[in-house]
Amino acid sequence: MSRPRGLLPAVCLLLCATGCAAGPSLEDRDAVTAPPGDSRRLTVGSAGFTESDLLAQMYALLLQEAGYRTKILSVTNRELYEPALERGQIDVVAEYAATFADWLNAKVNGADAPTVGSPDPVATMTALRGLAGPRGLTVLDAGRAVDQNAFAVTAAFAAEHRLKTLSDLGATGLPVRLAAGDECVRRPYCAPGLRKVYGIDVTAVDPKGVGTTPAKQAVQNGQDQLVLTTTTDATLDDFGLVLLADDKRLQNADHIVPVVNRARAGNASVTRALARLNTVLTTADLAHLNEQVDSWRRLPEDVARNYLVDRGLVAG
């Protein structure tokens with residue numbers, strides 16, 4: 001599956017090794033305070049869902065290609081893995097720019113603080129780096145891939161009404177039932193934003209979750225007309241669904257960014273290794289990689305390696 005829209009519940013921690021023997025658990029490791037560039041052994045964090053697993057595997061392989069020994073630590077709750085990243089128990093993790101900026105902002109300034117993530121990637125990255133820096137974290141450059149909220153309709157509905165964008169849907173004036181999570185009723189990127197920004201007549205929110213099978217089935221069978229999912233959803237074709245372009249940029253800039261512990265991994269070698277993915281990995285690529293794991297039942301480590309080998313980023 002693609003990433004959840006909010007924090008996942010805390011579960012047991014799973015440690016798996018990549019390129020070296022399994023190490024101690026998160027709770028047992030002491031904080032590491034090595035100087036920049038001193039360590040040739042790095043821990044890559046995963047948030048425990050398909051897309052995060054794939055990104056962690058790719059980061060680990062790229063770092064191995066650069067001469068590092070790596071292991072992957074899966075921690076399915078940002079409330080656990082972000083402090084571990086600050087302490088050097090995790091050295092690098094793939095994050096989502098706007099989401100992580102807002103999470104750090106709430107941590108620093110309180111849950112009621114105004115959001116700092118926005119549809120503007122430059123402003124979002126500036127805010128994120130300003131919040132991450134004092135915590136000993138370095139945010140590397142964002143790549144081309146973006147995993148953000150998106151809305152889909154059936155291909156037949158799109159063809160009938162000549163829809164390619166959310167603006168097109170708003171212009172039809174059609175009443176729309178939206179399959180989404182409960183929070184969509186009040187979240188500005190969801191039903192309120194569709195009404196205000198696009199003029200879409202959202203008559204009701206059907207609380208079936210974000211990109212879940214029941215939500216997609218509800219649109220597929222005509223019970224609902226629109227579903228909230230993500231730009232890297234790998235299963236849209238299975239339900240006969242197509243995304244409508246967010247042409248007025250309602251959604252925040254959730255570009256995928258590597259975040260590193262500055263003391264452990266804030267050096268040019270790590271930056272160069274991870275930057276090699278930036279100009280290659282696209283949103284469409286990431287959706288296809290998710291599909292191979294979720295629909296084709298392939299292992300994330302195999303899918304990640306095959307992709308990097310095919311793109312000439314690691315040796316076969």
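The values are calculated or read from the model by the stated rules, or taken from the named source; none is laboratory data. Bear in mind that the values here come from a model prediction, so they are computed numbers and not experimental data. Virtual Cβ from ideal backbone geometry, glycine too; neighbours counted across all protein chains shown. All accessible areas refer to the heavy atoms of the entire protein, side chains included, with ligands and DNA or RNA removed. Shrake-Rupley method; radii C 1.70, N 1.55, O 1.52, S 1.80 Å.
Odds and ends about this structure:
- For the chain, the longest principal axis of the alpha carbon atoms and the long axis of helix 50-65 meet at an angle near 30°.
- Pairs of Cα atoms farther than 17 Å apart, segment 53-150, %: 55 percent
- Asp141/Asn221 FRET efficiency (R0 45 Å; Cβ-Cβ; nearest 0.05): 0.55
- Across every pair of non-identical alpha carbons in segment 96-210, the mean reciprocal distance, once inverted, gives a Kirkwood radius of 16.2 Å.
- Efficiency of FRET from Cβ geometry, Thr282 and Val122, R₀ 22 Å, rounded to 0.05: 0.65
- Calculation over all alpha carbon pairs of segment 212-258 in 5 angstrom steps from 0 returns a P(r) of 5, 17, 29, 19, 16, 10, 3, 1 percent.
- Full extension of the chain between Val309 and Thr271 gives 11.7 nm of extra length, using 0.36 nm per residue less the Cα-Cα distance.
- Of the trypsin sites (Lys or Arg not before Pro) in segment 124-161, the ones in a loop by DSSP (not H, G, I, E or B) with at most 16 other beta carbons within 10 Å are Arg144.
- Principal-axis tilt of helix 78-87 within the chain, Cα atoms, nearest 10 degrees: 30 degrees
- Label sites at Ala155 and Asp237, each approximated as a point 7 angstrom past Cα along Cα to Cβ, lie 0.9 nm apart.
- Cα principal axis extents for segment 179-284, largest first, Å: 52, 30, 23
- Rg and Dmax over the alpha-carbon atoms of the chain stand at 20.0, 61 Å.
- 1.4 Å probe accessible area per residue over segment 149-200, in Å²: 48 Å²
- In the chain, the portion of solvent-accessible area held by carbon and sulfur atoms comes to 52 percent [1.4 Å probe, whole percent, DNA, RNA and ligands not counted].
- Value at 222 nm in deg cm²/dmol, rounded to 500, when DSSP H runs of n ≥ 4 in the chain each add -39,500 (n - 2.57): -10500 deg cm²/dmol
- Here's how it looks for Leu42: its modeled amide H is under 5 Å from those of Arg69, Thr70, Lys71, which are all 5 or more places away or on a different chain.
- Taking Cα centre as origin and charging only the Cβ of basic (Lys, Arg, +1) and acidic (Asp, Glu, -1) residues, the dipole magnitude of the chain rounds to 560 debye.
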